[in-house]
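Have a look at the structure below before the remarks.
The values are calculated or read from the model by the stated rules, or taken from the named source; none is laboratory data. Predicted, not measured: the structure shown is a model, and the values here were computed from it. Using ideal geometry, Cβ is built from the backbone for each residue, glycine included, and neighbour counts are taken over all protein chains shown. Side chains are part of the model used for accessible areas, which takes the heavy atoms of the whole protein and leaves out ligands, DNA and RNA. Shrake-Rupley method; radii C 1.70, N 1.55, O 1.52, S 1.80 Å.
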Amino acid sequence: MTDLSLLTDQLTSLLAGETNRVTMLANASALLNDTLPDINWAGFYLYNEATGQLDLGPFQGKVACMHIAPGQGVCGTAYATGQIQRVADVHQFPGHIACDSASNAEIVIPLPGLGVLDIDSPTKDRFSAADEAALTTFAATLQHQLDTAAASSVQ
Ligand code: SME
């Protein structure tokens, strides 16, 4: 199992002083993609207040579905319920949206008011409770840094 204990520290160092939210999310997705073994997609869907949909944000992986309604698929369910979705087999998840046919497992962490962090793997049951805990801390730190950036930037 990969040691994810440094992941959040790496994020904090990487984003220190940055105020552009797209820039921060782009490098956060690259860090996840570089650090987590056996994944095929890592990125963000961001809530669009004008449309009421989740829009594809910065990510690493194959081209993906660009808009997801809250409540739809794994991402929309995580956003609408505010509950982490750790799915061992996406083919058993009602309404799962198949973007990359290689994906078999998925974890989605809600970012309240912002959107979701979505990570896919080709391996069923890829994401452990320990992964969920590490990614929850990662997401909370990222959201804190984004909030700080929003307070100090017009972007
Ligand atoms: N599988 C997701 C859609 C996004 S892709 O995995 C990148 C879902 O069901 O919400």
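If G52 passes every condition in (1) open to solvent by less than 30 Å² (accessible area, probe 1.4 Å); (2) touching a Leu at 6+ places or on another chain (Cβ under 8 Å) but one, which one does it miss? Failed condition: (2). Against the definition (under 20 Å from D147 (Cα atoms) and in contact with a Leu (Cβ under 6 Å, 6 or more places away or on another chain)), how does G17 come out, yes or no? It is false that G17 is under 20 Å from D147 (Cα atoms) and in contact with a Leu (Cβ under 6 Å, 6 or more places away or on another chain). Just one residue in the set G57, G113 is open to solvent by less than 50 Å² (accessible area, probe 1.4 Å) and either in a loop (DSSP other than H, G, I, E, B) or on the phi < 0 side of the Ramachandran plot (or both); that residue is G57. Checking I119, I97 one by one, the residue that is in a strand (DSSP E or B) and within 14 Å of the ligand (Cβ to nearest atom) is I119 and no other. Total residues in the range 43-56 satisfying the condition of being under 14 Å from the mean Cα position of the chain (by Cα) and more than 11 Å from the ligand (Cβ to nearest atom): the figure is 3. Just one of the listed residues (V63, V74) is at pLDDT 95 or above and loosely packed, with under 13 Cβ neighbours inside 10 Å, namely V63. Residues being more than 11 Å from the ligand (Cβ to nearest atom), assigned to a loop (DSSP other than H, G, I, E, B) and farther than 20 Å from L32 by Cβ are entirely absent from the range 126-145. Residues in the range 33-49 that are touching a strand residue (DSSP E or B) at 6+ places or on another chain (Cβ under 6 Å) and loosely packed, with under 12 Cβ neighbours inside 10 Å: 1 in all. Within the bounds of the range 27-36, is there any residue that is more than 9 Å from the ligand (Cβ to nearest atom) and in a strand (DSSP E or B)? Among the residues of the range 27-36, not one is more than 9 Å from the ligand (Cβ to nearest atom) and in a strand (DSSP E or B), which makes the answer no. In the range 63-94, which residues are farther than 18 Å from A139 by Cβ and either part of a helix (DSSP H, G or I) or near the ligand (Cβ under 8 Å from one of its atoms) (or both)? Within the range 63-94, A64, C65, Q72, G73, V90, H91, Q92, F93 qualify.
Here S121 does not fit the description of being modelled with pLDDT under 95 and farther than 16 Å from L25 by Cβ.
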